[in-house]
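This report concerns only the one structure given below.
The values are calculated or read from the model by the stated rules, or taken from the named source; none is laboratory data. As the structure is a computational prediction, the values presented were derived from the model and not from experiment. Every residue, glycine as well, gets a Cβ built from its backbone with ideal geometry; the counts of neighbours run over all protein chains shown. Surface accessibility is based on the protein's heavy atoms, side chains included, excluding ligands, DNA and RNA. Shrake-Rupley method; radii C 1.70, N 1.55, O 1.52, S 1.80 Å.
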Amino acid sequence: MRHISFLIVVSLFLSVLLSAGCTDISNSDRYNDYNLTLSYDGNEKNLTLSDLENLPSFAGNGYLISTVGIRYGPLMGRGVPLTEVVKIMNGINESSRLYFYGSDGYLWVLDYDQIHGKEFITFDENLTELKDQNITPVLMYEQDGKQITEEDGGPVRLALLTEKNGIITEGSGWVKWISRIELH
Ligand SMILES: Nc1nc2c(c(=O)[nH]1)N[C@H]1C(S)=C(S)[C@@H](COP(=O)(O)O)O[C@H]1N2
Ligand SMILES: [Mo]
């Protein structure tokens, strides 16, 4: 009897240890195994999270509103400007579009002007539309100084950042869990 309870205690202890270990491993795996595919002119190039972190970055303010009016932010984001990403894809022209895919299959498309930060719909905090705001769209890998949580769309999320604060952008462009970008 003593042996049996000892075994139960040991196996309980082991299973707690293992499951704790697994959560840690699977969480950091999401970042270590992260792979972004760039598809352009018949080529495919894969980038890791550290590849992205080693590219030129932009840090700025982010603030989004969902279609049902939920606000996320204000936040500080850092990421690779899309103008840097398209350099890796051998550049773009005025009829180019970028297709951003989330790992859940979500798709959002930006045209040439938007890749350069123009023609986004923006609002102030009273939701009055603001014209001609400069946006810097980035592949965001850091939010408020930390890696982005899975819930917030990490490891990498498309973010519409601004130098000024208090500028609200539409949430639909903030593609979570970016896994693939195609140039069309
Ligand atoms: N991958 C992915 N990204 C996404 C979405 C999605 O369904 N999948 N929803 C978008 C929309 S419509 C909004 S408003 C914001 C916030 O959505 P949430 O409230 O579902 O987080 O994320 C955007 N990014
Ligand atoms: Mo939305």
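When you go through I135, I181 one by one, which is the residue that is open to solvent by less than 20 Å² (accessible area, probe 1.4 Å), β-branched (V, I, T), more than 15 Å from ligand 1 (Cβ to nearest atom) and modelled with pLDDT of 95 or more?
One residue alone meets the criteria, I135.
Out of everything in region 94-113 that is polar (S, T, N, Q) and farther than 18 Å from T136 by Cα, what residue ends up being nearest to ligand 2 (Cβ to nearest atom)?
S103
Just the residues that are open to solvent by 70 Å² or more (accessible area, probe 1.4 Å) and in a helix (DSSP H, G or I), please, taken from region 25-56.
The answer is I25, N27, N32, E53.
Looking only at region 45-69, how many residues end up being away from ligand 2 (no atom under 14 Å from the Cβ) and of a type in the set (V, I, T)?
Total satisfying the criteria: 1.
Scanning region 150-184 for residues that are among the hydrophobic types (A, V, I, L, M, F, W, C) and assigned to a strand (DSSP E or B), which turns out farthest from ligand 2 (Cβ to nearest atom)?
Per the criteria, the residue is L183.
Okay, residues lined up against (1) away from ligand 1 (no atom under 16 Å from the Cβ); (2) assigned to a loop (DSSP other than H, G, I, E, B); (3) open to solvent by 30 Å² or more (accessible area, probe 1.4 Å); (4) among the hydroxyl-bearing types (S, T, Y):
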{"residue": "G79", "(1), (2), (3), (4)": "no, no, no, no"}
{"residue": "T83", "(1), (2), (3), (4)": "yes, no, yes, yes"}
{"residue": "K87", "(1), (2), (3), (4)": "yes, no, yes, no"}
{"residue": "Y99", "(1), (2), (3), (4)": "no, no, yes, yes"}
{"residue": "D104", "(1), (2), (3), (4)": "no, yes, yes, no"}
{"residue": "E119", "(1), (2), (3), (4)": "yes, yes, yes, no"}
